[in-house]
Amino acid sequence: MKVEVLSTKGKGTGRNVELPAEVFGVEPNDHCIWLDVKHYRNSIRSGTHKTKERSEVVGSRRKIKKQKGTGTARAGNAQNPLFKGGGRIFGPKPRDYSFKLNKKVKRLARLSALSHRANDEAVMIVEDFTLENVKTKDFAAILKNLGVDAQKTLLVIKEKDNNVYLSARNLPKTKVMTAMGINTYSILDCKKIIFAEGAIDVLKERFSKN
């Protein structure tokens, strides 16, 4: 599949880039995508939820009434989970939600996601660029020239560029990542994915090593 390379002005450069079939043309495996997205979302969960159990609730430990002769059910102290202000039964505890995922499954998931985006014609390519200064206005102008300023967009660049990253940081619908750092969730969580021209070669090299 050939995609036209656009300039930051939104004009055609007269060049086309052939999307490598080994990256953008594989048979998608939706189950691997689901596993990798679940793996990513689980890994960023804080897992700090916690409720107090019976032994952790503050209050008197005295037995609140005698065992027999009251005509009501027997009861211990005020920390009883059946009473207001008592502990909680089987409440959540801090835990780690992450799990191990096979490297080959991750690789296939990313390739499947990229192939889905290519099939949906959601892939754009822009010439390699940088910004002289950190300026959100300049970066927003580029997105407007490309016609994606109103859409949720992922920009994939060849290598880390602080000026580009910091200029895009305040734009809520835009995310910038390097070609080596993209993941399945980010690929799918956008309407358009824009690749800097040099990022295609990095992707091809990255996935050819696995």
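Examine the stretch 65-78 for a residue that is surrounded by 13 or more Cβ atoms within 10 Å (Cβ to Cβ), part of a loop (DSSP other than H, G, I, E, B), more than 22 Å from the chain's Cα centre (by Cα) and among the polar types (S, T, N, Q), and state whether such a residue exists.
Checked the stretch 65-78: at least one residue is surrounded by 13 or more Cβ atoms within 10 Å (Cβ to Cβ), part of a loop (DSSP other than H, G, I, E, B), more than 22 Å from the chain's Cα centre (by Cα) and among the polar types (S, T, N, Q).
Please work out if Glu27 is touching a Ser or Thr at 6+ places or on another chain (Cβ under 9 Å), loosely packed, with under 12 Cβ neighbours inside 10 Å and either in contact (Cβ under 8 Å) with a residue 60 or more places away in the chain or part of a loop (DSSP other than H, G, I, E, B) (or both). So that I can check it myself, show each step before the final result.
On the way: touching a Ser or Thr at 6+ places or on another chain (Cβ under 9 Å): yes; loosely packed, with under 12 Cβ neighbours inside 10 Å: yes; either in contact (Cβ under 8 Å) with a residue 60 or more places away in the chain or part of a loop (DSSP other than H, G, I, E, B) (or both): yes.
Judged against the criteria, Glu27 is a match.
Any residue at all in the stretch 41-58 that's modelled with pLDDT of 95 or more, more than 19 Å from Pro92 (Cβ to Cβ) and not in a loop (DSSP other than H, G, I, E, B)?
The answer is no; no qualifying residue exists.
Does Val37 satisfy the condition of being in the same structural domain as Asp149 (by TED's automatic domain parsing), buried (at least 17 other Cβ atoms within 10 Å of the Cβ) and in a helix (DSSP H, G or I)?
Working: in the same structural domain as Asp149 (by TED's automatic domain parsing): yes; buried (at least 17 other Cβ atoms within 10 Å of the Cβ): yes; in a helix (DSSP H, G or I): yes.
When the stated conditions are applied, Val37 passes them.
Quick check on this structure: which one of Asp201, Asp161 is buried (at least 16 other Cβ atoms within 10 Å of the Cβ) and either among the acidic types (Asp, Glu) or at positive phi (or both)?
Numbers: Asp201 fails: buried (at least 16 other Cβ atoms within 10 Å of the Cβ).
Residue meeting the stated conditions: Asp161.
Which of (1) of a type outside the set (Gly, Ala, Ser); (2) outside the structural domain of Ala118 (by TED's automatic domain parsing); (3) in contact with a strand residue (DSSP E or B) (Cβ under 6 Å, 6 or more places away or on another chain) is the odd one out, the single condition Glu18 does not satisfy?
(2)
Do you know which residues across the stretch 40-49 are surrounded by 13 or more Cβ atoms within 10 Å (Cβ to Cβ) and touching a Pro at 6+ places or on another chain (Cβ under 7 Å)?
Gly47
Do you know which residues across the stretch 1-43 are under 30 Å from Lys103 (Cβ atoms), among the β-branched types (Val, Ile, Thr) and more than 13 Å from the chain's Cα centre (by Cα)? Reasoning before the result, please.
Filtering the stretch 1-43 down to residues under 30 Å from Lys103 (Cβ atoms) leaves 1, 3, 17-43.
Now drop any that are not among the β-branched types (Val, Ile, Thr), which leaves 3, 17, 23, 26, 33, 37.
The answer is Val3, Val17, Val23, Val26.
Does the stretch 169-191 hold any residues that are in contact with a Leu (Cβ under 7 Å, 6 or more places away or on another chain) and touching a residue at least 24 places away in the same chain (Cβ under 8 Å), and which are they?
At the first step, the residues of the stretch 169-191 found to be in contact with a Leu (Cβ under 7 Å, 6 or more places away or on another chain) are 174-177, 179, 186-187, 190.
Of everything in the stretch 169-191, those that are in contact with a Leu (Cβ under 7 Å, 6 or more places away or on another chain) and touching a residue at least 24 places away in the same chain (Cβ under 8 Å) turn out to be Thr174, Ala179, Ser186, Ile187, Cys190.
If you take just the helices (runs of 4 or more DSSP H) that sit entirely in the stretch 101-210, which of them hold at least 3 residues that are of a type outside the set (Asp, Glu) and out of contact with any His (no Cβ under 9 Å at 6 or more places or on another chain)?
Details: elements: 103-119, 136-146, 162-168, 184-188, 197-208.
The qualifying helices (runs of 4 or more DSSP H) are 103-119, 136-146, 162-168, 197-208.
The values are calculated or read from the model by the stated rules, or taken from the named source; none is laboratory data. This one's a predicted model, so the numbers in the text were calculated from it and none came from an experiment. Counting neighbours? That spans all protein chains shown, and the Cβs are built from the backbone with ideal geometry, glycine included.
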